[in-house]
Amino acid sequence: MVAVVALHVLPLLIFALIHGAILYRLTGIVIFFAICLVVGNAFENLGVATGFPFGRYYFTDAMGPKLFQVPILLGLAYVGMGYLSWTLGRVILGNLRAPLAGVRTAALPLVAAFIMVAWDFAHDPVWANINRLWVWQHGGAYFGVPLTNFLGWYLVVYVIYQLFALYLRGRSPGAKPLPSGYWHWPVIFYALSAAGDILIVLPKPAASVVFDPTGTPWHVSTITGACALVSILVMGGVTIIAWLRLRTGRNGEMLLRPRYPSPV
C-alpha cells in the first residue's frame with residue numbers, strides 16, 4: 001500500500017519541482033513547497049486532534065511513517081496535486097504571462113481550491129473505506145465520508161493558495177521563453193490522475209461490501225463507480241476547460257492575452 005500511495009505522490013512531486021522552477025525559479029517553487037507542507041500538516045494534525053476543520057478521523061499505518069499524527073506521504077500529496085490544481089487554475093483564468101495582481105490575486109486561489117477539492121472528492125471514499133488509509137470515526141453521507149471533510153479541504157487549500165498568491169503578487173514571471181507545451185503538461189498530468197481513477201472499477205473486488213465505523217454497509221462497486229463518475233464529469237470537465245483555454249493560444253508557450261483591456 002505504501003508503494004501504491006507513493007506512485008500517486010512522488011511523480012507529481014518531481015514534476016512540480018521541475019515545472020514550477022521554470023516559471024517561478026527555484027526560490028518560488030521552494031516557497032510553494034514550504035507553504036503546502038507547513039499549512040497542510042498543521043491543519044491535518046489539528047484535524048486529527050480536534051476534528052476541525054474536516055471532522056473526526058485518524059490515520060492508519062497503511063501510508064507509512066508519520067510526522068506527529070499525519071503520514072509524510074499525505075503532506076507531500078499536498079505539494080504535487082496542489083501544484084497541478086494551482087496551474088490549471090492559472091490556465092483557466094488566462095493571461096498567463098502577466099504578473100499576478102488585482103482581483104486575480106484572490107480569484108486564482110478560489111478557482112484552484114475547487115480544482116484541488118475535485119481530486120479529493122473523487123478519491124476519499126475509496127481511500128478511506130476500501131483501502132483504509134484513514135478512518136472517519138462517525139461515518140458520513142458520501143459513502144462514509146462526512147461532507148465537512150470537503151469544506152475543510154477547501155479551507156485548507158485556499159489558505160495555501162492565498163499565501164502563495166500574496167507572495168507572487170506583482171512579481172513578473174521569468175523573462176526567458178517557456179518550453180513548447182509548457183502549459184499543456186500540467187493539464188495532461190491532471191487528466192492522467194482522473195483516468196487512473198476509472199481503472200479502479202475494472203478489477204473484481206475481494207469483498208462486495210465494506211462497513212464504515214458506524215456499521216453502515218456500502219457496496220464496493222457503488223463506491224468505485226461513483227468515484228470514477230466524479231473523475232470523468234468533474235475532473236474531466238476541468239481538464240477539458242483548461243485544454244480548450246490553451247487551444248485559444250497560438251503555440252505551446254500560450255500567452256492567453258485578453259482581447260480587451262483588463263484592469264487586472
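Just a few scattered comments:
- Residue in region 37-54 that is in contact with a helix residue (DSSP H, G or I) (Cβ under 6 Å, 6 or more places away or on another chain), modelled with pLDDT of 95 or more, buried (at least 17 other Cβ atoms within 10 Å of the Cβ) and not in a helix (DSSP H, G or I) present: yes
- Ala106 vs. criteria part of a helix (DSSP H, G or I), farther than 20 Å from Phe15 by Cα and not acidic (Asp, Glu): yes
- Residue tally, condition buried (at least 19 other Cβ atoms within 10 Å of the Cβ) and in a strand (DSSP E or B), over region 132-141: 2
- Going through (1) in contact (Cβ under 8 Å) with a residue 12 or more places away in the chain; (2) of a type in the set (A, V, I, L, M); (3) surrounded by fewer than 22 Cβ atoms within 10 Å (Cβ to Cβ) one by one, Ile72 falls short only on (1).
- Of all the residues in region 159-185, those that are open to solvent by 70 Å² or more (accessible area, probe 1.4 Å) and assigned to a helix (DSSP H, G or I) number 3.
- Flag for Phe32 being modelled with pLDDT of 95 or more and either over 18 Å from Val159 (Cβ atoms) or open to solvent by 30 Å² or more (accessible area, probe 1.4 Å) (or both): no
- The condition (being assigned to a helix (DSSP H, G or I), buried (at least 17 other Cβ atoms within 10 Å of the Cβ), within 20 Å of the chain's Cα centre (by Cα) and aliphatic (A, V, I, L, M)) is satisfied by just one residue among Ile232, Ile188, Ile115: Ile115.
- Of the residues making up region 191-218, just one is at pLDDT 75 or above, charged (D, E, K, R) and not in a helix (DSSP H, G or I), namely Asp212.
The values are calculated or read from the model by the stated rules, or taken from the named source; none is laboratory data. All figures in this text were calculated on a predicted structure; none of them were measured in a lab. Don't worry about glycine lacking a Cβ; one is built from the backbone with ideal geometry, like all the others, and counts go over all protein chains shown. Keep in mind that these areas ignore ligands, DNA and RNA; they rest on the heavy atoms of the full protein, side chains included. Shrake-Rupley method; radii C 1.70, N 1.55, O 1.52, S 1.80 Å.
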